[in-house]
Amino acid sequence: MTQERGLLLVLSGPSGVGKGTVCAALRPRMTDLVYSVSATTRKPRTGEVEGVNYFFKAQQEFKRMIERDELLEWAEYVGNFYGTPREFVDKTLASGRDVFLEIEVQGALQVKEKYPEGIFIFLAPPDLNELRCRITGRGTETEESIRHRMQVAKAEIDLMDHYNYVVVNDEVEKACERIQAIVMAEHLKKERQIAKYRELIKEVNI
Ligand code: 5GP
């Protein structure tokens, strides 16, 4: 039987929404997923291990990776570069295993361009009231600052439109359950099931 490609799962969302925490909580729950290790020019934090948390690169090395087209996507985030090594993702998907990326939004949009068939999950802040408070502040903000906050919030919401799913991160455990449900449902889609049944029928057809 032909090997079915794995799913490319991309978890992204606004900064500070808790992508890293949700991803860390998913790892022991979803052990069948292959978690891509990014390259970064950021310095390792205490306890971080080369090749496990990140591939830590000098700026020059990172630029060489870009030039050689070794990155599926990359972005500059708070003064550091982050990128997803392409070959690992391609090989893992081709082997039939699902790959999970946890990346910021500029990178997610680049992946969407290259892999429109990927599953894009937007991790959203807990509730709309909080969003309203963030926008209007404590009532002491100037009109201009409120307008600026509204623009930022609108841009974030417009971004959602590029994704397939929105998962609210109200509680990490619940967010994980929702992501597990998405992955399960994606695997059960008719499009992923029917080819193997058709092949089986062909094989037994006399
Ligand atoms: P941190 O420095 O806290 O580990 O990560 C900072 C941000 O970089 C997080 O929002 C994380 O999702 C994002 N990030 C990590 N790896 C990648 C990557 O390979 N590509 C992109 N675009 N963002 C990444």
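Out of 103, 66, which single residue is over 18 Å from the mean Cα position of the chain (by Cα) and either within 22 Å of residue 162 (Cβ to Cβ) or surrounded by 12 or more Cβ atoms within 10 Å (Cβ to Cβ) (or both)? After ruling out the rest, the residue left standing is 66.
Against the condition crowded, with 20+ Cβ neighbours inside 10 Å, at pLDDT below 95 and within 16 Å of the ligand (Cβ to nearest atom), how does residue 108 come out, does it pass? For residue 108, the condition - crowded, with 20+ Cβ neighbours inside 10 Å, at pLDDT below 95 and within 16 Å of the ligand (Cβ to nearest atom) - is not met. Filtering region 142-165 to residues that are loosely packed, with under 13 Cβ neighbours inside 10 Å and under 12 Å from residue 12 (Cβ atoms) leaves nothing. Evaluation of residue 10 against the conditions (1) farther than 25 Å from residue 160 by Cα; (2) within 19 Å of the chain's Cα centre (by Cα); (3) touching a residue at least 40 places away in the same chain (Cβ under 8 Å) shows that the sole unmet condition is (1). The residue list 179, 201, 194 contains one member that is surrounded by 13 or more Cβ atoms within 10 Å (Cβ to Cβ) and in a helix (DSSP H, G or I), which is 179. For residue 146, the conditions (1) under 23 Å from residue 109 (Cα atoms); (2) without any contact (Cβ under 8 Å) to a residue 24 or more places away in the chain all hold with the exception of (1).
Could you list, in sequence order, all residues of region 49-65 that are within 12 Å of the ligand (Cβ to nearest atom) and either among the charged types (D, E, K, R) or over 19 Å from residue 100 (Cα atoms) (or both)? 56, 57, 62, 65, listed by residue number. Collect the residues in region 126-154 that are within 29 Å of residue 116 (Cβ to Cβ) and either under 18 Å from the mean Cα position of the chain (by Cα) or of a type outside the set (Gly, Ala, Ser) (or both), keeping them in residue-number order. Answer for region 126-154, where residues must be within 29 Å of residue 116 (Cβ to Cβ) and either under 18 Å from the mean Cα position of the chain (by Cα) or of a type outside the set (Gly, Ala, Ser) (or both): 131, 151, 152, 154.
When you look at residue 89, is it within 29 Å of residue 116 (Cβ to Cβ), near the ligand (Cβ under 10 Å from one of its atoms) and aliphatic (A, V, I, L, M), yes or no? Taking the combined requirement at face value, the residue does not satisfy it.
Within region 124-141, being in a loop (DSSP other than H, G, I, E, B) and open to solvent by less than 60 Å² (accessible area, probe 1.4 Å) holds for 125, 126, 137, 141. For residue 145, are the conditions met, namely being among the polar types (S, T, N, Q), at negative phi and at pLDDT 95 or above? No; evaluated as a whole, the condition is false for this residue. I need the full set of residues from region 34-43 which are within 11 Å of the ligand (Cβ to nearest atom), of a type in the set (Val, Ile, Thr) and either more than 20 Å from residue 24 (Cα to Cα) or touching a residue at least 60 places away in the same chain (Cβ under 8 Å) (or both), in order please. Listed by number, the list holds a single entry, 41. Restricting 21, 46, 31 to those that are within 14 Å of the ligand (Cβ to nearest atom), surrounded by fewer than 16 Cβ atoms within 10 Å (Cβ to Cβ), free of Cβ contacts under 8 Å to residues at least 40 places away in the same chain and of a type in the set (Ser, Thr, Tyr) reduces the list to 46. Looking at this structure, is residue 115 within 11 Å of the ligand (Cβ to nearest atom) and open to solvent by 10 Å² or more (accessible area, probe 1.4 Å)? Answer is no for this residue.
The values are calculated or read from the model by the stated rules, or taken from the named source; none is laboratory data. What you are looking at is a predicted structure, and each value in this text was computed from that prediction instead of being measured. Note that each Cβ is placed from the backbone with ideal geometry, even for glycine, and that neighbours are counted across all protein chains shown. Keep in mind that these areas ignore ligands, DNA and RNA; they rest on the heavy atoms of the full protein, side chains included. Shrake-Rupley method; radii C 1.70, N 1.55, O 1.52, S 1.80 Å.
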